[in-house]
C-alpha cells in the first residue's frame, strides 16, 4: 500500500484532499499555471503587433517617400523619410523601459508608402515590395531593416486626416517566424 500524508488520500486513480488549505493551494497553483500558459510574445511564437507594454502611434505624412539606404561599410541598412510625392505611413512602438536593466530600450518602426491620389489600396505577398513595407527595430543591437514579402496590406481613406489600415504579414528574423497584425486608424501628422 502507498503511503500519503495524512491529508491526501488515494481513492481509485484519483487523489482526494481533505484539507481546505491544500484545496486552496492547489487552486492557486492551477490558476497560476493557466495564466502562465496564456502568456503572449514568448520567444519563437508569432507576435501580434498591437501596443504591447509601451506606447504606439499610427500616423501618415503626405509629400514624402521612403528611401532605403544600404551602408556596405558598416554592413547595415537604414530608413530615411524624405520629401517626395507619396503618402508615407508610420507605425511606431516604444517599449516601456525596465529601470534595473541596462540598454533595454526598444523602438520599432513600420513604414510603407502609397500613391498620393489613392482612396484605397491593397498589396499582397510580393506586391508588398511595391509599397516599400519595411520594419525597423531600433535597440542595442545591430541595425537591421526587414522587408516582409508574405501577407496583405490594405487601407481605405476615411477622410482627409484619417486612414483605416489593416496589415497581416509574416517575416523571418533570426530563424524565427514573426507576424505583423493590426487593424488601426492612422492620423495625419
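Brief remarks follow.
- Compared with the direct C-alpha span, the chain from residue 59 to residue 122 gains 20.9 nm at full extension, assuming 0.36 nm per residue.
- For region 74-189: relative contact order, % (alpha-carbon pairs under 8 angstrom, 6 or more apart): 19
- The packing ranking, built from the mean of other Cβ atoms within 10 Å per residue, places the peptides 173-183, 96-106, 159-169 in the order 159-169, 173-183, 96-106, highest first.
- Shown for 81, 87: other C-beta atoms within 10 Å of each C-beta, ranked fewest to most, produce the order 81, 87.
Here, each number is a calculation from the coordinates, and none is a lab measurement. Values in this document were obtained by computation on a predicted structure and should not be read as measured data. Counting neighbours? That spans all protein chains shown, and the Cβs are built from the backbone with ideal geometry, glycine included.
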